[in-house]
Amino acid sequence: MIAEPQSCLYVGKVMHARLKPVQHKFTYRVFSLFADLDRLAEEASRLRLLSFNRTGVLSFRESDHGDGRGDLANWVRGHLRTAGFRGDGRIFIQCYPRLWGYVFNPLSVYFCYDADGRLEAILHQVNNTFGQRHSYLLAVERVDETAPIRQFCQKNLYVSPFNEMDHRYDFTVHNPRESYAIHIRESDADGDVLVATFNGRRRPLSDRALAAAVASHPLMTAKVIAAIHWEALRLWRKGLSPQPRPPEPPGEISYGPSVDTGPALGDYVPTSKTHASG
């Protein structure tokens, strides 16, 4: 069994590539917090540059995640048990922290272990720019602990105004160790529509590493939301029309299966095809 990971930073790049009906691609540099939810308050207390549930240069607020009411670890465990998982182990979150008091997380990823140290589920929490939030709780089913994790689900939250709702997400998640990567394909019945990736290298969760990250990415969290709107404007100028926004999903979370067949997604595969929906 592979040892559970430790809290850290991941510094790397985000890439988005739209494949149809027009092609469009962009990348930007980011850093991400990877933290044990049960130990984050204690870890932040020894750091000068990271605060927990209070204001700081960098901060993590539980209200930015989950149902927005705090007590985030118990919120995740409640949904794990509802879905039939043990929910009795450590929970790590990969997300952007607040920087200068602001954050927008298009996607936060929760790695959910059982008491035996086995990764039993991943929860993918999606935020859109309309103030809506929805999560997908997916089982982890694999024999080879070193292999990438493959998962899929049907899309249930309106995100990009240029994408229809009858789409599917395929996730390829690499174990968070010295490096970490998550690759996401959004597809329709005819194949991939959008590919998004994050690839990062591990840095220790220390004041020195935090200071270096802030110095290298001084306006990162503001840049994330600015880039979303700027790229949307560029797509509109390329001729794409916004799709009508449907009502918000009736529940805060969707429970779905995992998949361990098919090739793992690389950096960017314009001609790849997805499986048929399950």
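Under the criterion of Cα pairs below 8 Å and six or more residues apart, the relative contact order for the range 165-225 equals 24 percent. Here the sum of -39500 (n - 2.57) over DSSP H runs of 4 or more residues, divided by the residues of the chain, equals -5000 deg cm²/dmol at 222 nm, to the nearest 500.
Overall shape of the chain was characterised from the C-alpha gyration tensor. The equivalent ellipsoid obtained from it has semi-axes of 27, 23, 18 Å, in decreasing order.
Between PHE130 and GLN23, the modelled labels are 3.1 nm apart [label points 7 Å from Cα along Cα→Cβ]. The apolar share of the surface of the range 1-68, taken as the fraction of accessible area on carbon and sulfur atoms (1.4 Å probe, ligands and nucleic acids excluded), comes to 46 percent. Loop-located GluC sites (Glu not before Pro) across the range 162-191 with a Cβ neighbour count of 16 or fewer within 10 Å are GLU164, GLU178, with loop assigned by DSSP. Only helices reaching 20 angstrom along their own axis (Cα) with mean Kyte-Doolittle hydropathy no lower than 1.0 count here, and not one DSSP H run of the chain does. Taking every protein chain into account, the accessible area of the range 136-252 amounts to 48 square angstrom per residue (probe 1.4 Å).
Using C-alpha pairs under 8 Å with a sequence gap of at least 6, the mean separation divided by the residue count of the chain gives a relative contact order of 21 percent. Approximating the spin labels as points 7 Å out from Cα along Cα→Cβ, the ALA189-to-THR146 distance works out to 4.2 nm.
Computing FRET efficiency as 1/(1 + (r/R0)^6) for ASP88 and GLU43, where r is the C-beta to C-beta distance and R0 is 25 Å, gives about 0.70. Spacing of the modelled spin labels on TRP230 and ARG208, each 7 Å from Cα toward Cβ, amounts to 3.3 nm. The value obtained for the range 142-208, namely the Cα convex hull volume divided by the number of residues, is 131 Å³ per residue. In a DSSP loop and with at most 10 other Cβ atoms within 10 Å, the trypsin sites (Lys or Arg not before Pro) in the range 44-92 are ARG46, ARG54, ARG69.
The values are calculated or read from the model by the stated rules, or taken from the named source; none is laboratory data. These numbers come from a predicted model, not from an experiment. Here Cβ is always computed from backbone atoms with ideal geometry, including for glycine, and neighbour counts include all displayed protein chains. Each accessible area value is taken on the protein alone, full model and side chains, heavy atoms only, with ligands, DNA and RNA left out. Shrake-Rupley method; radii C 1.70, N 1.55, O 1.52, S 1.80 Å.
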